[in-house]
1. Considering only residues that are among the hydroxyl-bearing types (Ser, Thr, Tyr) and under 29 Å from Pro235 (Cα atoms), look in segment 276-321 and name the one that is farthest from the chain's Cα centre (by Cα).
2. Here is a check on your reading of the model: is Ile215 assigned to a loop (DSSP other than H, G, I, E, B), in contact with an Asp or Glu (Cβ under 9 Å, 6 or more places away or on another chain), over 30 Å from Val81 (Cβ atoms) and among the hydrophobic types (A, V, I, L, M, F, W, C)?
3. May I ask you to say which residue of Asn161, Asn98, Asn112 is over 23 Å from Lys412 (Cα atoms) and part of a strand (DSSP E or B)?
4. I'd like to check something: does segment 15-28 contain any residue that is polar (S, T, N, Q), outside any loop (DSSP other than H, G, I, E, B), surrounded by 13 or more Cβ atoms within 10 Å (Cβ to Cβ) and modelled with pLDDT of 95 or more?
5. Return yes when Ser297 is buried (at least 21 other Cβ atoms within 10 Å of the Cβ) and either polar (S, T, N, Q) or at positive phi (or both) and no when it is not.
6. Which of the residues that make up segment 204-224 are more than 9 Å from Ser236 (Cα to Cα) and in contact with a strand residue (DSSP E or B) (Cβ under 7 Å, 6 or more places away or on another chain)?
7. Just wondering, is there one or more residues in segment 241-256 that are surrounded by 18 or more Cβ atoms within 10 Å (Cβ to Cβ), under 17 Å from Ile197 (Cβ atoms) and in contact with a Leu (Cβ under 6 Å, 6 or more places away or on another chain)?
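The values are calculated or read from the model by the stated rules, or taken from the named source; none is laboratory data. Worth saying up front: this structure is predicted, and the values here are computed from it rather than measured. Ideal geometry is used to build each Cβ from the backbone, glycine not excepted, and the neighbour counts take in all protein chains shown.
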Amino acid sequence: MKINLLKTSALIVLGLSTGMANAQTRDSVEVTKVANVRPYDQSGINVFESPKESEAAFDKLKVKFGAGFTQSFQGLKHKNVSGGLYKISPGFNTANANLYMDTQLADGILLNLTSYLSSRHHNETWVKGGYIQFDKLPFKGQVWEDIMKIATIKVGHMEINYGDQHFRRSDGGQTIYNPFVENYIMDAFATEIGGEILLRKNGFFGLVGVSNGMIKGNIDELIETPQDDNTNKSPSVYLKAGFDRQLTDMARVRFSTSYYTNSSSGGLTLYGGDRTGSNYFMPMEKAGGTYAANFSSGRLNPGFSKKIEAIQLNGFLKASGMELFATYEVANGRTKAETTERKASQVAVDAIYRFGKDEKMFMGVRYNAVSARLANVAGAGGNPAIVYNNDMKVDRIAFGAGWFLTKNVLLKAEYVNQKYKDLPATDYRNGGEFKGYMVQAVVGF
């Protein structure tokens, strides 16, 4: 643990030192910056796919370090019908920290490496993933130049581009993009090994991606079960299309449709791929649990680990300081121990108002609701032979507000109320509810 702590401290110091060095040479940032990277500070808000600056100058290899730090204070309370919940009281949560390394390898070629320095789920520093991004190709010929004027290619072990919601979520220590404290109840986020091709022209965009459909590398043959004799692993295929345009200086509109499918996997994690953990610590968790083991508090993973088909629709509108972001999502799938597929659906709406000079302050409200049929939910009397066939429902209302002291420093707060409905009487979440406040101090650069 001491070695891990020293290693983490050294990385944080390195990140901070680099940030200070960049601050001391601010006049030269535009000359020496790494191109086509989403900023990790306030200017990265409402940036979806990474920017494409095809005319960015390149003279030599450049390396830029960035970081995200988040410290939360929690004041939540929870209750259910049967009792036996983890006893929580107001206090500070474990701080989260990320380290980013972006390298301009050549003209139009970027390498990214993201590491989690500190998180609730892991005590040690570990790598989230990395990828190489091509906005230009090192081939001579007009045909390649014409293609890469509209194309961006990413290859690596990376956060896949399914849906728009993942661009606004909290990711470990990087929470500046999220106007609220926590992510959606059904949190669509996965890091998988694969590649994507994104085409953009005149506001329209389309993407096709293929991945291994698993959170890490895996060469093992699948194990046959009585319910499923398919031992072949299938790749995940995901598609995305939409429109994004700045209509006037004050108005922008974006909408997109995303699709993800895999017919046979050894461990799909589309709704359980966040290994850093929830920003809500232990609400609606059983007594005796641990922060690491119960790292997804407040979220709901439908458990489609063997087979999945998911669609996410997103709409975004910004008019002056008013901002609306909406999501509708539906997914079908099952585990390797099931023969029939189950369904889960989600709706969410964010309404944010940003105001003040450079929109340094904001306030907003989010409504999020999930309806899902879970696997192996026992029916009457807790008898596993009697399957509970009703859909479980979870809904959340959250009110948030924030203030950017600088473009790198954010203070935000949230009041949340989340309820669990339509569960069997034997389920410990029956009649469950948690509510209260959260406060976060965030740094990103």
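1. Ser305
2. yes
3. Result of the check over Asn161, Asn98, Asn112: Asn112.
4. no
5. Yes, satisfied.
6. Correct list: Phe204, Phe205, Gly206, Leu207, Val208, Ile215, Gly217.
7. For segment 241-256, residues surrounded by 18 or more Cβ atoms within 10 Å (Cβ to Cβ), under 17 Å from Ile197 (Cβ atoms) and in contact with a Leu (Cβ under 6 Å, 6 or more places away or on another chain): absent.
Residues checked against (1) in a strand (DSSP E or B); (2) modelled with pLDDT under 95; (3) of a type outside the set (A, V, I, L, M):
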position: Ser234; (1), (2), (3): no, no, yes
position: Lys240; (1), (2), (3): yes, no, yes
position: Arg245; (1), (2), (3): yes, no, yes
position: Thr261; (1), (2), (3): yes, no, yes
position: Tyr280; (1), (2), (3): no, no, yes
position: Leu317; (1), (2), (3): yes, no, no
